[in-house]
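Student: What follows is a structure written as structure tokens; I'll ask about it next.
The values are calculated or read from the model by the stated rules, or taken from the named source; none is laboratory data. This is a predicted model, so every value here is computed, not measured. Virtual Cβ from ideal backbone geometry, glycine too; neighbours counted across all protein chains shown.
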Amino acid sequence: AKAEGRGRWAVYDPERSARDIARSALAAELPTALDRGEFVLHYQPIVSLLDGRMLAVEALVRWQHPERGLVGPDRFIGLAEETGLIVRLGEWVLRQSCRDAQRWHADFPEARLVVSVNLAARQADAPAIVDTVADALADSGLPAELLQLELTESAVMGSAGEPLRTLYRLAALGVRLAVDDFGTGYSNLAYLRRLPITCLKLAGPFVEGLRGDQPSAADHRDVRIVDALVRLAHALELWVTAEAVETEAQAERLRSLRCDSAQGRLFGPPGPAETIVARLRGDPS
Ligand code: C2E
Ligand code: CA
Ligand code: CA
């Protein structure tokens, strides 16, 4: 494919650090890792801040490396984007997420549990993504409204002409679209009213300032920023999910700012599919 080879290391640089060498070792192994089935999905609950109910789970990919153990996405998603493998890896994530979510839906239909899947800019840009998503839904039998796609601001912002049409076609399938890490990318808000988005996800750094214990001046600013972002979202009839919520004080503050839902260690770390089943069953966690 023409995407391949782009972003590969082409120039010899004697000062390449050990880290870069480790990085390129991982990069070389990525394609076979996919064929060998070494990727696994963990799911993190997204809960209602009103009643604590689990509304959705975010699918987060990990690499079960034969020697290195469980490798986090920060180590390989960038590489997969550079090499173009993200399209194939992302398709696997999408299909596996839909299959898992349909299983949960079949066993716990009243839960209406949504699965939220990250889409890399490169995936979202390709018009073929619409067929891929439609196919993943049809194959799994998952109702479209139980699938949410998370796009970064830069992926959404790049949207003009064809890619914008792609987002509308995705929305027309009936899936939900969320803007990930909202507030950390471009500050152009025009796209918010132009695009068929249903949810904004507030990035961790904003949530960090909502500690409550000994707020600094910067923390006070974070409170006001979150307040403004939640109001903006609600004015546009969008849901807001706060990420990386670690303390009860943060959750309390988010509740008082009328934030709808949250995810983070406070409500449960990402875990294998069984941890979600246990939660749906109501097992004590
Ligand atoms: P993200 O989409 O912002 O995902 C949330 C990250 O926050 C996850 O890191 C999650 O484990 C972490 N997190 C959860 N609870 C807490 C908390 O209480 N505090 C803090 N500080 N962090 C928390 P993870 O799993 O390492 O994923 C990192 C990034 O990798 C994701 O960031 C996402 O951008 C990317 N990623 C993961 N899976 C996929 C995928 O399937 N496709 C694509 N394109 N990107 C993915
Ligand atoms: Ca995400
Ligand atoms: Ca995020």
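Student: Identify the single condition in (1) surrounded by 20 or more Cβ atoms within 10 Å (Cβ to Cβ); (2) more than 13 Å from residue 49 (Cβ to Cβ); (3) more than 15 Å from ligand 1 (Cβ to nearest atom); (4) aliphatic (A, V, I, L, M) that residue 277 does not satisfy, given that it satisfies every other one.
Tutor: (1)
Yes/no per residue for (1) away from ligand 1 (no atom under 16 Å from the Cβ); (2) of a type outside the set (Gly, Ala, Ser); (3) within 19 Å of the chain's Cα centre (by Cα); (4) closer than 20 Å to residue 43 by Cβ:
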residue	(1), (2), (3), (4)
96	no, yes, yes, yes
121	no, no, yes, no
138	yes, no, no, no
142	yes, yes, yes, yes
165	yes, yes, no, no
205	no, yes, yes, no
208	no, yes, yes, no
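Student: Under the condition of being away from ligand 3 (no atom under 16 Å from the Cβ) and surrounded by fewer than 16 Cβ atoms within 10 Å (Cβ to Cβ), which residue from region 147-167 is modelled with the highest pLDDT?
Tutor: The extreme case among them is 165.
Student: Restricting to region 70-88, give me the number of residues that are crowded, with 23+ Cβ neighbours inside 10 Å and touching a strand residue (DSSP E or B) at 6+ places or on another chain (Cβ under 7 Å).
Tutor: Start the filter on region 70-88 by keeping residues that are crowded, with 23+ Cβ neighbours inside 10 Å, which leaves 76, 80, 86.
Next, only the ones that are touching a strand residue (DSSP E or B) at 6+ places or on another chain (Cβ under 7 Å) stay: 76.
Within region 70-88, residues that are crowded, with 23+ Cβ neighbours inside 10 Å and touching a strand residue (DSSP E or B) at 6+ places or on another chain (Cβ under 7 Å) number 1.
Student: Step by step: first the residues of region 56-69, then only those that are more than 15 Å from ligand 2 (Cβ to nearest atom) and touching a residue at least 24 places away in the same chain (Cβ under 8 Å), then the one that is surrounded by the most Cβ atoms within 10 Å (Cβ to Cβ). Which residue is that? If you could, list the steps in order and put the result at the bottom.
Tutor: The initial filter retains those residues of region 56-69 that are more than 15 Å from ligand 2 (Cβ to nearest atom), namely 63-69.
Add one more test, that the residue is touching a residue at least 24 places away in the same chain (Cβ under 8 Å), and what stays is 63-66.
Values: 63: 23, 64: 14, 65: 16, 66: 9.
The residue in question is 63.
Student: For residue 67, which of the numbered conditions (1) acidic (Asp, Glu); (2) part of a loop (DSSP other than H, G, I, E, B); (3) over 30 Å from residue 29 (Cα atoms) fails to hold?
Tutor: It is condition (3) that residue 67 fails.
Student: Let me ask you something else. Go through the residues of region 81-91 one by one and say whether even a single one is more than 22 Å from residue 166 (Cα to Cα), away from ligand 2 (no atom under 16 Å from the Cβ), part of a helix (DSSP H, G or I) and modelled with pLDDT of 95 or more.
Tutor: no
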